[in-house]
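Encoded as structure tokens, the structure appears first; notes follow it.
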Amino acid sequence: MSVQHYQASQFKRQASESLADQQLRQNFRGAMDYLQKKRKDAFSDEDELAQLRLHAENIRQRCLSKLPQLLEQLEQNCQANGIQVHWAEDTRQAQQLIADLIQQAGGKKVVKGKSMVTEEIELNHHLESLGIECVESDMGEYIVQLAEETPSHIIMPAIHKNKQQVADLFLEHIKDFNYTLSVDKLIQTGREALRNKFKQADVGISGVNFAVAETGTLCLVENEGNGRMTTTVPPLHIAVTGIEKVVEHLSDVPPLFSILTRSATGQHITTYFNMISGPRRSPERDGPQQVHLVLLDNGRSQAYADDVLRKTLQCIRCGACMNHCPVYTRVGGHAYGTTYPGPIGKIISPHLQGLEQTSDLVTASSLCGACEEVCPVNIPIPSLLQRLRHDAKMPAESGISSLKGQASAASFSEHNAWRFWAWLSTHPKIYHLATRMVLTLARYIPLPMGAWTRCRSKPELASQSFHQQMKQRANKGASL
């Protein structure tokens, strides 16, 4: 299967194409309005929300402050529970690790629960290249897999499609499908198609929402039951997660779970909450015979090493920032060209892919603050975007570790322009002369002014500078 790939470096072109797609914009507008209302209804008490956010933020910051120790504790307790733990430094190592585990077990058919980390490492494509069939069992993921696309949202992968587009897709790919636009019947059709996949699968692969260091427990949040099927029916279960998902205590999970579900879909609790503590034990009659946990770094250590950028890792993947972002709600997820789109994608993707590929993303924001306002763990996304904008333009200071691709967006002409501005600002006579010249020639400023006026009006300059107005006011006062 050849999946259509988008590139972060092509964000501007992809965003323009998305803006021109009226059907896409209509699909997103309806979905985002619905999700915003659901979240608002779920947090009707503003005081409770403020307390929950502060509590969740404190939990995430405490756990991140102890991350190295908690990862070691998680490994120790998982192994004591019979879960085999593996470490992957990057995408290639994670792909190889998982493929080796499947091949050692003689696996040929894989069912995969919803997992953005496996999207991050392009696991489906890698397994396919080895002759291993990998089927997405989450309904949204299954739809985008049939469409040969990547997810456009971290919670609702197929949110960019309407029911007619899904029906057309099923008609093309599912044998004996009776065409219908009934959402319930479409969901039932997908479930029936997936049912046999669970029975035939040798391996189940899942993500992890919270990994509890204290007990060696893997927690999985879902609504469809596919996660439970994926992790219990096949004889081999492989869980894959980023290293930041570890929490210290089991008691840390309920507050995070509560604010996650309400922020994501407006639900007070999801249909399923799975707690995986090891493989099948005697005399149990179901469950996998082997459970493996793959802990992925892939740039997260780089974020962790910086006290400011570490806040990026607080994210619990609720998607609320996307649902309220004026940029994401208009262009959708594919325009970003990254696994994690929207505001959270703008601050985490530079660590995963480097600033060379993602420098346009960190500027694709009005810094309105809507993302920070709704973030359940209080990630200061606008200020982190400003920091990354600085890093994209400027080399790292001496003695400070640099972000991959630091200064990759630096411009010689821009640098010299700011140097000239700094010089001009420290020479008052020349500055005032230049100001008068600009005001005199303002009417001759051409239109359009390059990229600036492509989506903005031509700036209208005042007839007098602020300095001139204050001087004139002072002279009037002295004459009275």
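Output the number of the condition that residue 378 fails; it satisfies all remaining conditions of (1) surrounded by 11 or more Cβ atoms within 10 Å (Cβ to Cβ); (2) closer than 30 Å to residue 321 by Cα; (3) among the polar types (S, T, N, Q); (4) without any contact (Cβ under 8 Å) to a residue 60 or more places away in the chain.
Of (1) surrounded by 11 or more Cβ atoms within 10 Å (Cβ to Cβ); (2) closer than 30 Å to residue 321 by Cα; (3) among the polar types (S, T, N, Q); (4) without any contact (Cβ under 8 Å) to a residue 60 or more places away in the chain, only one is false for residue 378: (4).
Working only within the range 96-115, note down all residues that are buried (at least 18 other Cβ atoms within 10 Å of the Cβ) and either within 17 Å of residue 139 (Cβ to Cβ) or touching an Asp or Glu at 6+ places or on another chain (Cβ under 9 Å) (or both).
102, 107, 110, 111, 112, 113, 114, 115
Read through the list (1) within 27 Å of residue 101 (Cβ to Cβ); (2) outside any helix (DSSP H, G or I); (3) touching a residue at least 24 places away in the same chain (Cβ under 8 Å); (4) of a type in the set (Ser, Thr, Tyr), then give the number of the only condition that residue 282 fails.
All conditions pass for residue 282, except number (3).
Test of understanding: among 215, 230, which residue is modelled with pLDDT of 95 or more, outside any strand (DSSP E or B) and buried (at least 24 other Cβ atoms within 10 Å of the Cβ)? If you could, list the steps in order and put the result at the bottom.
Working: 215 fails: buried (at least 24 other Cβ atoms within 10 Å of the Cβ).
The match here is 230.
So, in the range 269-321, how many residues would count as being under 30 Å from residue 34 (Cβ atoms), aromatic (Phe, Trp, Tyr) and surrounded by 17 or more Cβ atoms within 10 Å (Cβ to Cβ)?
Number satisfying all stated conditions: 1.
Residue-wise test of (1) in contact (Cβ under 8 Å) with a residue 24 or more places away in the chain; (2) in contact with a helix residue (DSSP H, G or I) (Cβ under 7 Å, 6 or more places away or on another chain); (3) within 18 Å of residue 375 (Cβ to Cβ).
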position: 243; (1), (2), (3): yes, yes, no
position: 248; (1), (2), (3): yes, yes, no
position: 262; (1), (2), (3): yes, yes, yes
position: 272; (1), (2), (3): yes, yes, no
position: 278; (1), (2), (3): yes, no, no
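Taking residue 49, is it within 29 Å of residue 146 (Cβ to Cβ), among the aliphatic types (A, V, I, L, M) and surrounded by 14 or more Cβ atoms within 10 Å (Cβ to Cβ)? Walk me through how you get there before you give the answer.
On the way: within 29 Å of residue 146 (Cβ to Cβ): no; among the aliphatic types (A, V, I, L, M): yes; surrounded by 14 or more Cβ atoms within 10 Å (Cβ to Cβ): yes.
No.
Every residue in the range 3-19 that is surrounded by fewer than 17 Cβ atoms within 10 Å (Cβ to Cβ) and either assigned to a helix (DSSP H, G or I) or at pLDDT 95 or above (or both), please.
Step one: list which residues in the range 3-19 are surrounded by fewer than 17 Cβ atoms within 10 Å (Cβ to Cβ), which gives 3-5, 7, 9-10, 12-13, 16-17, 19.
Of everything in the range 3-19, those that are surrounded by fewer than 17 Cβ atoms within 10 Å (Cβ to Cβ) and either assigned to a helix (DSSP H, G or I) or at pLDDT 95 or above (or both) turn out to be 9, 10, 12, 13, 16, 17, 19.
For the range 317-358, list the helices (runs of 4 or more DSSP H) that sit wholly inside it and hold at least 2 residues that are closer than 18 Å to residue 155 by Cβ; which are they? Give the derivation first.
Working: elements: 320-324, 328-331, 342-353, 355-358.
Result: 320-324, 328-331, 342-353.
Yes or no, residue by residue, for (1) at pLDDT 95 or above; (2) β-branched (Val, Ile, Thr); (3) under 19 Å from the mean Cα position of the chain (by Cα):
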residue: 273; (1), (2), (3): yes, no, no
residue: 278; (1), (2), (3): yes, no, no
residue: 286; (1), (2), (3): no, no, no
residue: 300; (1), (2), (3): yes, no, yes
residue: 318; (1), (2), (3): yes, no, yes
residue: 322; (1), (2), (3): yes, no, yes
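Among the candidates 101, 71, 54, which residue alone is hydrophobic (A, V, I, L, M, F, W, C) and in contact with a helix residue (DSSP H, G or I) (Cβ under 7 Å, 6 or more places away or on another chain)? Walk me through how you get there before you give the answer.
Working: 101 fails: in contact with a helix residue (DSSP H, G or I) (Cβ under 7 Å, 6 or more places away or on another chain); 54 fails: in contact with a helix residue (DSSP H, G or I) (Cβ under 7 Å, 6 or more places away or on another chain).
Within the list 101, 71, 54, the selection yields 71.
Of 56, 8, which residue is over 20 Å from residue 378 (Cβ atoms) and touching a residue at least 40 places away in the same chain (Cβ under 8 Å)? Show your work before the answer.
Details: 56 fails: over 20 Å from residue 378 (Cβ atoms).
Result: 8 is the single residue among 56, 8 that is over 20 Å from residue 378 (Cβ atoms) and touching a residue at least 40 places away in the same chain (Cβ under 8 Å).
Determine whether residue 224 is farther than 25 Å from residue 84 by Cα, of a type outside the set (Phe, Trp, Tyr) and within 26 Å of the chain's Cα centre (by Cα).
Numbers: farther than 25 Å from residue 84 by Cα: yes; of a type outside the set (Phe, Trp, Tyr): yes; within 26 Å of the chain's Cα centre (by Cα): yes.
Yes: the conditions hold for residue 224.
Could you check, for the range 114-133, whether at least one of its residues is closer than 19 Å to residue 301 by Cα, of a type in the set (A, V, I, L, M, F, W, C) and touching a Gly at 6+ places or on another chain (Cβ under 9 Å)?
yes
Residue under question is residue 227, and the condition is that it be in contact with a Gly (Cβ under 7 Å, 6 or more places away or on another chain) and either in contact (Cβ under 8 Å) with a residue 24 or more places away in the chain or among the hydrophobic types (A, V, I, L, M, F, W, C) (or both); does it hold? Walk me through how you get there before you give the answer.
Details: in contact with a Gly (Cβ under 7 Å, 6 or more places away or on another chain): yes; either in contact (Cβ under 8 Å) with a residue 24 or more places away in the chain or among the hydrophobic types (A, V, I, L, M, F, W, C) (or both): yes.
So residue 227 fits the description; yes.
The values are calculated or read from the model by the stated rules, or taken from the named source; none is laboratory data. All figures in this text were calculated on a predicted structure; none of them were measured in a lab. Cβ sites come from the backbone with ideal geometry, for glycine too, and all protein chains shown count toward neighbours.
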